[in-house]
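One structure below.
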Protein chains: 2
Amino acid sequence: MATYQADGWEILGDPSRRAIVECLAVRPRAVGELADELPISRPAVSQHLRVLKDAGLVEDEAAGTRRVYRLNPAGVSALRDQLDMFWRRTLEGFQEIVEEEDEEKS
Amino acid sequence: MATYQADGWEILGDPSRRAIVECLAVRPRAVGELADELPISRPAVSQHLRVLKDAGLVEDEAAGTRRVYRLNPAGVSALRDQLDMFWRRTLEGFQEIVEEEDEEKS
DNA sequence: ACGAACGGTAAGCTACGACTTACCGATGCG
DNA sequence: CGCATCGGTAAGTCGTAGCTTACCGTTCGT
């Protein structure tokens with residue numbers, strides 16, 4: 001896999017990209033369909049799809065003159081894990097502090 | 001709370017900010033200490049801390065001439081929840097697709 | 001075989017975010 | 001009291017991510 005994980009956060013840091021992911025989560029779509037639902041142009045969508053594809057988050061499939069994109073299960077869960085790692089590392093040392101604070105969450 | 005959640009992803013999208021959070025997770029620190037451990041200047045750290053504070057992720061406490069920052073448990077878990085919501089929404093509709101794919105990995 | 005639909009790519013513009021230097025107020029110490 | 005340390009703020013620079021328009025190749029339909 002030459003997925004070359006671009007840090008995860010960089011990828012989902014962009015709102016348009018998150019929208020695309022959420023959109024594809026509902027069901028696979030062609031590029032034009034995505035562009036219709038988003039406030040950006042079709043080329044912009046194409047560029048985002050490229051990033052998502054490089055990250056292994058989506059895969060594409062030719063369907064006639066159209067190109068249908070869908071989420072890639074493996075890529076999605078890989079990214080999810082990567083982000084979870086951050087939280088794990090953070091909350092790990094952080095746990096002690098929380099315990100000191102005890103009841104703080106109102 | 002006028003925390004005004006700046007979308008979560010925007011906040012942790014920046015590597016320096018993530019580094020600060022991880023750093024504070026270990027133990028509270030003064031601004032200068034943070035600047036020493038990071039490859040950026042002290043004012044830059046200050047600006048990041050501002051963002052993190054506005055987001056309710058950290059809280060500060062005056063200690064003499066120094067100002068000690070620490071993670072805010074409530075803010076951290078709130079942010080975590082917010083990000084989890086994205087995953088939940090995404091994976092929800094996505095689940096069906098995964099089941100269709102069944103064994104597709106490898 | 002021609003025209004239309006679809007989508008990827010190139011080139012260029014723009015806006016914004018991160019960083020720096022410079023300055024200032026506040027606090028602690030001799 | 002000055003003097004030094006610490007940190008927040010202002011102002012300005014710079015890089016880059018995201019967007020658009022324009023163009024081109026490919027595929028389907030008739």
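The values are calculated or read from the model by the stated rules, or taken from the named source; none is laboratory data. Quantities reported herein were computed from a predicted structural model and do not represent experimental measurements. Backbone-built Cβ (ideal geometry, glycine too); neighbour counts: all protein chains shown. For the accessible areas, the whole protein counts, side chains as well, though only heavy atoms, and no ligand, DNA or RNA atoms are used. Shrake-Rupley method; radii C 1.70, N 1.55, O 1.52, S 1.80 Å.
Structural remarks
- Close pairs from segment A:34-62: first over 16 Å from residue A:76 (Cα atoms), partner part of a strand (DSSP E or B) and near DNA strand C (Cβ under 10 Å from one of its atoms), Cβ under 9 Å, at least 6 apart: A:34/A:69; A:37/A:29; A:61/A:67; A:61/A:68; A:61/A:69; A:62/A:68
- Every condition in (1) more than 8 Å from DNA strand C (Cβ to nearest atom); (2) modelled with pLDDT under 95 holds for residue B:64 except the one numbered (1).
- Residues (loosely packed, with under 12 Cβ neighbours inside 10 Å and of a type in the set (S, T, N, Q)) located in segment B:32-46: B:41
- Only residues that are open to solvent by less than 50 Å² (accessible area, probe 1.4 Å) and within 14 Å of DNA strand C (Cβ to nearest atom) were counted in segment B:47-56, giving 4.
- Residues of segment B:55-87 satisfying the condition of being within 9 Å of DNA strand D (Cβ to nearest atom) and within 13 Å of chain A (Cβ to nearest Cβ): B:68, B:69
- Within segment A:10-33, considering residues that are within 12 Å of residue B:9 (Cβ to Cβ) and in contact with a Lys or Arg (Cβ under 7 Å, 6 or more places away or on another chain), the one nearest to the other protein chains (Cβ to nearest Cβ): A:12
- Of everything listed in (1) closer than 25 Å to residue A:82 by Cβ; (2) within 15 Å of DNA strand D (Cβ to nearest atom); (3) open to solvent by 20 Å² or more (accessible area, probe 1.4 Å), the single unmet condition for residue B:12 is (3).
- Test: residue in segment A:68-75 that is within 12 Å of DNA strand C (Cβ to nearest atom), surrounded by fewer than 19 Cβ atoms within 10 Å (Cβ to Cβ) and in contact (Cβ under 8 Å) with a residue 12 or more places away in the chain: yes
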